[in-house]
């Protein structure tokens, strides 16, 4: 789908109000796709948080779906290609749930496998209620469920050739204090199967993939309006550490941050 199509698409969005977690949330609608709320269901290992999407267009779509725990930590993440006139149901396994807790989802629909042509971003909530838990438990088979176990990650985005270099890239420590500038350094960010390397001429930062504990795509403290590639790792002092990277072109408005995320995530396999 072209950028001009995306612009027209955005103008075509409508909202259908529903009730969730005590708030009214608008579900984006258009002739190109249809979101399908699912909720809580039983699963072989406990429960599953479910949300679906139907691609009503004549072109494939790529959906980035992220499920977060009530404490904000990542539970599942998917990048799924949905063929034209087809549906897919994202099912994120969770061993146990607590009534009155909410699970936050982020669903972003793209018109390309590079995840640059974003059509819409939607952040629904799956609330855990007593009736929902009772219904899921009531649907659980008495015998062992022979269905395959659910997975916590799927990646069907664009292939990433290594090494992959992105420049200019903004870099900052995640625990950096207040500053009028969003980043600390601007330089070259290279992803290889062995390490993530950032160089700005004076500073070289190398993070071996063996020391990476997670790679996420999302907002950071003091910059909640923009998404960064957030890398958490164990540093050389054997302490937990975290840094963030973002496409620095067009004064930070470049479209390659998601490609950086895909590359870093694949290298780290986390």
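Every condition in (1) in the same structural domain as residue 48 (by TED's automatic domain parsing); (2) assigned to a strand (DSSP E or B) holds for residue 151 except the one numbered (2).
For region 82-93, a tally of residues being more than 19 Å from residue 28 (Cα to Cα), modelled with pLDDT of 95 or more and assigned to a strand (DSSP E or B) returns 0. On the stretch given as region 240-259, residues that are within 25 Å of residue 78 (Cα to Cα) and part of a loop (DSSP other than H, G, I, E, B) total 4. When 151, 97, 133 are checked against the criterion of being under 19 Å from residue 41 (Cα atoms) and loosely packed, with under 14 Cβ neighbours inside 10 Å, 151 stands alone in meeting it. For region 227-254, a residue qualifies if it is over 15 Å from residue 173 (Cα atoms) and surrounded by fewer than 19 Cβ atoms within 10 Å (Cβ to Cβ), and the qualifying residues are 236, 237, 238, 249, 250, 251, 252, 253, 254.
The values are calculated or read from the model by the stated rules, or taken from the named source; none is laboratory data. Since we're looking at a predicted model, the values are computed, not measured. FYI the Cβ positions are ideal-geometry reconstructions off the backbone, even for glycines, and counts take in every protein chain you see.
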